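Here's the structure we're looking at; comments come further down.
The values are calculated or read from the model by the stated rules, or taken from the named source; none is laboratory data. The shown structure was predicted, so the numbers you read here are calculated from the model rather than taken from an experiment. Cβ: placed from backbone, ideal geometry, glycine included. Neighbour counts: every protein chain shown. Accessible surface areas use protein heavy atoms only, side chains included; no ligands, DNA or RNA. Shrake-Rupley method; radii C 1.70, N 1.55, O 1.52, S 1.80 Å.
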Amino acid sequence: RARQKEHFLGGTSDAMDGFPHLRKAHCMFGWDWGPRLPDAGIWRDIELIGWSAVRLDTPYVRQTHTPGCADLTIEVLLERLASDAVSVQALLTAPDGTVYETCVQTQEEQAVLALKVENPALWWPNGYGAQNLYTFKACCVTKGILHEMQPKKIGIRTLALDTSKLEDGSRNFFFKVNGVRIFCKGGNWVPTDSLYLRTPKESYETLVREGAAAHFTMFRMWGGGTYEPDCFYEYCSEYGILLMHDFMYACAFYPDHKNDFLFEAEREAEYQTKRLAHYPCMAIWTGNNEIAESYTDWFPAPIKPERFYGEKIFNYIQPRAVHRNSPLVPYMPSSPYFGDRANESEQGDVHAWSFFGRHPKTKFKFVYELEAFDRIPARFSSEYGFFGAQ
């Protein structure tokens, strides 16, 4: 049994054993589309930040919409070295240059400010309207010293995921932005290069811009890759590309019976949900790629693992982080998900890999017959594949 458990915690047959124990991009250990090129060392910038008295950290803007008006509640965390009262100011600059301003005094570790925006310029996905972005900035003064945070771009918009039940027992799965149902078309986003440092900022803009030119409305961020740099999320917001974003776990069972691994998983979820909370492109967080499906579908008895390793991460740690740090972004524990089994063609989102000759109604007659995808009854296909050159 111990050997069997280590086998399941070792990952898929395509990848090198042991990768689930490392919080590194899984595709670098080998995947069906990429080589085995594991790296080592620090690969993004590191900063040493010095500050005195107080530091502004992790602002979050909650939105409540009524006809013709958006009420914004701005929550700013304060790292404090003293308990003195702090004057915190929030500035919001509209696309037309109009400036909204509010201020509050606090001795707490969080400042809560309110702004009312009449007739806001809404943010829309690509093809549905303009991508209006407001510039948000917060600052504070304590002991005569001004502390400012880096300005952030936000979008004023509503987003909802409809998974309501239908009369036939199946469920909807679609997104509504500003009350309008969005047809999500696009593709999966995997790392741009097997060696990440070779991708300059300009390449991210080119790729996102080309997606928008192809009338994409969504990228699905595949969980075997990496969380991308800030510029990628900025470009998706500027070009109107929604993100269905996996946490970076894929196709393996994870050692959630080890406290040190859970500690790192919680720190990761906290950091990423705070970092990405303000981007209007963020449509949904999903816990992982295909791990729920693997447990329900991939392993027949008696080789199926005795329990779902990783459930503490996907069912508890991650949803807590999402609900705490970006509560207006939906969460689901895996992709695909919903239904009696995780990957059902008429429940939730679907990874449509089972149609290559295996499905009696929708299967491909020929390897080049892409029209077979038109016969798939999926409510929402967040991943699919077809034969191509290697």
Restricting attention to the range 147-177, report how many residues are more than 30 Å from Val88 (Cβ to Cβ) and not charged (D, E, K, R).
-> 12
Of all residues making up the range 155-178, the number that are free of Cβ contacts under 8 Å to residues at least 12 places away in the same chain and of a type outside the set (Gly, Ala, Ser) | 4
Please state which one of Leu113, Leu91 is under 19 Å from Gln150 (Cα atoms) and open to solvent by less than 30 Å² (accessible area, probe 1.4 Å).
-> Leu113
Only one residue in Phe173, Phe216, Phe183 is open to solvent by less than 70 Å² (accessible area, probe 1.4 Å), among the aromatic types (Phe, Trp, Tyr), closer than 24 Å to His351 by Cα and at pLDDT 95 or above, so which one is that?
-> Phe216
Within the range 354-390, work out how many residues are at pLDDT 75 or above, assigned to a loop (DSSP other than H, G, I, E, B) and open to solvent by 100 Å² or more (accessible area, probe 1.4 Å).
-> 0
Among residues belonging to the range 201-231 that are part of a loop (DSSP other than H, G, I, E, B) and free of Cβ contacts under 8 Å to residues at least 60 places away in the same chain, point out the one that is farthest from the chain's Cα centre (by Cα).
-> Ala214
Looking at the range 55-76, which of its residues are modelled with pLDDT under 90 and over 18 Å from Ile154 (Cα atoms)?
-> Arg55
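Scan the range 232-264 residue by residue and report those that are surrounded by fewer than 22 Cβ atoms within 10 Å (Cβ to Cβ), charged (D, E, K, R) and touching a residue at least 12 places away in the same chain (Cβ under 8 Å).
Glu234, Glu238, Asp256, Glu264
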Which of the residues belonging to the range 253-280 are more than 19 Å from the chain's Cα centre (by Cα) and not acidic (Asp, Glu)?
-> Phe253, Tyr254, Pro255, His257, Lys258, Asn259, Phe261, Leu262, Phe263
Selection status of Thr98, out of contact with any helix residue (DSSP H, G or I) (no Cβ under 8 Å at 6 or more places or on another chain), among the β-branched types (Val, Ile, Thr) and in contact (Cβ under 8 Å) with a residue 12 or more places away in the chain = no
Qualifying position, being without any contact (Cβ under 8 Å) to a residue 12 or more places away in the chain, among the charged types (D, E, K, R) and either assigned to a helix (DSSP H, G or I) or out of contact with any Asp or Glu (no Cβ under 6 Å at 6 or more places or on another chain) (or both), among Arg267, Arg324 = Arg267
Within the range 126-150, of all residues that are in a loop (DSSP other than H, G, I, E, B) and touching a strand residue (DSSP E or B) at 6+ places or on another chain (Cβ under 6 Å), the one surrounded by the most Cβ atoms within 10 Å (Cβ to Cβ) is Leu133
Could you check Asp84 against (1) over 30 Å from the mean Cα position of the chain (by Cα); (2) open to solvent by less than 50 Å² (accessible area, probe 1.4 Å) and say which number it fails?
-> (2)
